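Read through the structure below, which is laid out as structure tokens, and then see the notes.
The values are calculated or read from the model by the stated rules, or taken from the named source; none is laboratory data. Since we're looking at a predicted model, the values are computed, not measured. As a convention, Cβ positions derive from the backbone with ideal geometry for all residues, glycine included, and neighbour counts pool all protein chains shown.
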Amino acid sequence: MGGMGRDVTRTEDGRWLVVDGRRWRAQDPGLPDDVRARLLHHLGVGRSGVRTGRRSGDEEAVGRARARVQAAKTGLGERGTPWWEQDDDERRRRWEAALAELGDDA
């Protein structure tokens with residue numbers, strides 16, 4: 001989302017990114033750096049899997065990759081209950097559940 005030629009701003013409350021006039025939920029700023037890095041890794045792998053599966057016509061692989069993207073985005077706070085409506089324990093449970101779903105509960 002912050003590619004060249006794109007107009008990217010953040011709302012004053014920090015809850016939303018506005019990219020070319022479209023609003024996207026911002027990542028949870030309370031994520032520990034290591035957790036954010038792990039979830040972003042899974043997000044990248046999932047997105048790559050969607051592209052690869054589409055190219056090869058493997059719909060099952062696309063479905064698995066989309067599930068990985070969904071879990072990573074939920075863990076990052078971009079999907080599901082808005083992070084600003086969760087207390088610290090709920091936020092921690094959200095990202096821990098996402099990492100467990102992704103098989104990354106190290």
Please indicate, with yes or no, whether at least one residue in segment 53-61 is at pLDDT 95 or above, among the charged types (D, E, K, R), loosely packed, with under 14 Cβ neighbours inside 10 Å and under 17 Å from residue 94 (Cβ atoms).
no
Scan segment 29-85 residue by residue and report those that are of a type in the set (S, T, N, Q) and within 18 Å of residue 14 (Cα to Cα).
74, 81
Return yes when residue 21 is in contact with a strand residue (DSSP E or B) (Cβ under 8 Å, 6 or more places away or on another chain), over 28 Å from residue 103 (Cβ atoms) and at pLDDT below 95 and no when it is not.
no
